[in-house]
1. Any idea which of Gly197, Val184, Thr33 is furthest toward the positive side of the dipole for the chain, if Lys and Arg beta-carbons carry +1 and Asp and Glu beta-carbons -1?
2. Restricting to bridges with both residues inside the chain, how much of the DSSP beta-bridge set is antiparallel, in percent to the nearest 5?
3. Quick check on my link table: of Lys157/Lys281; Lys102/Lys134; Lys51/Lys287, which ones sit more than 20 Å apart, alpha carbon to alpha carbon?
4. Per the Kirkwood definition applied to all pairs of different Cα atoms, how many angstroms is the hydrodynamic radius of the stretch 1-120?
5. In the structure displayed, which of Lys60/Lys86; Lys27/Lys127; Lys127/Lys317 lie more than 23 Å apart, Cα to Cα?
6. What aspartates and glutamates sit close enough to Lys175 to cross-link, taking a C-alpha to C-alpha distance under 12 Å and skipping anything fewer than 8 places away on the same chain?
7. Where only protein heavy atoms count, and the probe is 1.4 Å, what is the accessible area per residue for the chain in Å²?
8. Give me the percent relative contact order of the stretch 8-208, please, defined on Cα pairs under 8 angstrom at least 6 residues apart.
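The values are calculated or read from the model by the stated rules, or taken from the named source; none is laboratory data. What you are looking at is a predicted structure, and each value in this text was computed from that prediction instead of being measured. Note: ideal-geometry Cβ built from the backbone for every residue, glycine included; neighbour counts use all protein chains shown. Ligands, DNA and RNA are stripped out before the accessible areas are found, and what is left, the full protein with its side chains, is counted by its heavy atoms. Shrake-Rupley method; radii C 1.70, N 1.55, O 1.52, S 1.80 Å.
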Amino acid sequence: MKNSYSNIFTFNKKILKKTIKNLSLGKVIGLPTETVYGLGGNAYSKKSIRKIFKLKGRPKTNPLIIHYYNVNYAMEDVVLNEYFKKLYKKFCPGPITFILKKKKNSKVHSSARAGLNTVGVRFPKHKIARSILKKINFPLAMPSANKSTNVSPVSSKDVYEEFKKKISLILDGGKCKIGIESTVVDLTNNPKILRPGIINKSKIEKALKLKINNTNNSKKNRSPGMMKKHYSPGIPVLINQNKSDGKSAFIYLGSRYKNKKNFFSLSKNSNLDKAASNLYKIFRIIKKNGYKKIQISKIPNIGSGIAINDRIRRASKS
Ligand code: TXA
Ligand code: MG
């Protein structure tokens, strides 16, 4: 069934067939994952990867995450290690990406890896992503389905807003549950968190039974794609604000300013997972409402607050 947007489709058996056909032909499509919507294409195909980079306007130096149905497929392309096995068992399928050494005969196209000898692998949990991955005989290279530096999309309409008719197929899977991108953890050496997410450092430490001592923001520890300017809603963002200036959109936690104009709560009961899941949605609403600036109150730097602070700090660098 077609929605009112002619390239947004409700997922069913017929559309699954169409999806598989499109992907096998090297086309690139929009699809939901539990974190954010992705722009997916055949990770083994140069043509597909080129399309993804072009659509996003993404620097060629920024590698893509490769999505697999399960570890049996991934092990053809990457070298597994003990850290990986523990984290996979505990968190997968789920919102975590592992940086692993590539196998010599890995089929992941070099441009998807940005020429690195490592591959970012992820096993998404979303039903739609999984039913596609199960049926195709290649993994999906899949960045978030937004133009480079923009905010990631959390609904099929957000994807439409980013690419309009430039992609022929966008699968609708409702609003993404998690709402921010996966945790990225480098396992090629001592584990390092390159991008914080809902699966946070202490959860990973607990699963691995070791301490991860990385200073989150040192340049050395950053993913190639973790440029300072990123996740930008396209208007100035000010963080750690205590007082509304009376005209900007003011984002906060809790219900103190309930029903007051210009105030947007990330979570009424200050739940940080919920807050993370609402962040990008609220950015887009604010932008659509024509505000010229966003103020954000201080967010506690614990649990998912760490991931929220990472994203809003970058948004404020625009
Ligand atoms: O939740 C997610 O991870 C979403 C959904 C669609 O799966 N995808 C996503 O992809 O956020 P993207 O391209 O927006 O972000 C991928 C991040 C970038 O910061 C990139 O630099 C990093 O992962 N990355 C990918 N491969 C890497 C590698 N081999 N080494 C280091 N970092 C890598
Ligand atoms: Mg992205």
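1. Thr33
2. Numbers: 18 of 38 bridges.
Among the beta bridges of the chain, antiparallel pairing accounts for roughly 45 percent.
3. Numbers: Lys157/Lys281 11 Å; Lys102/Lys134 22 Å; Lys51/Lys287 28 Å.
The answer is Lys102/Lys134; Lys51/Lys287.
4. Values: mean 1/r = 0.0636 Å⁻¹.
Computed over Cα pairs of the stretch 1-120, the Kirkwood hydrodynamic radius comes out at 15.7 Å.
5. On the way: Lys60/Lys86 32 Å; Lys27/Lys127 21 Å; Lys127/Lys317 35 Å.
Beyond 23 Å between Cα atoms: Lys60/Lys86; Lys127/Lys317.
6. Those aspartates and glutamates meeting the cut-off are Glu34, Asp158.
7. Dividing the accessible area of the chain by its residue count gives 48 Å².
8. Working: 430 pairs, mean separation 65.2, N = 201.
This gives 32 percent for the stretch 8-208.
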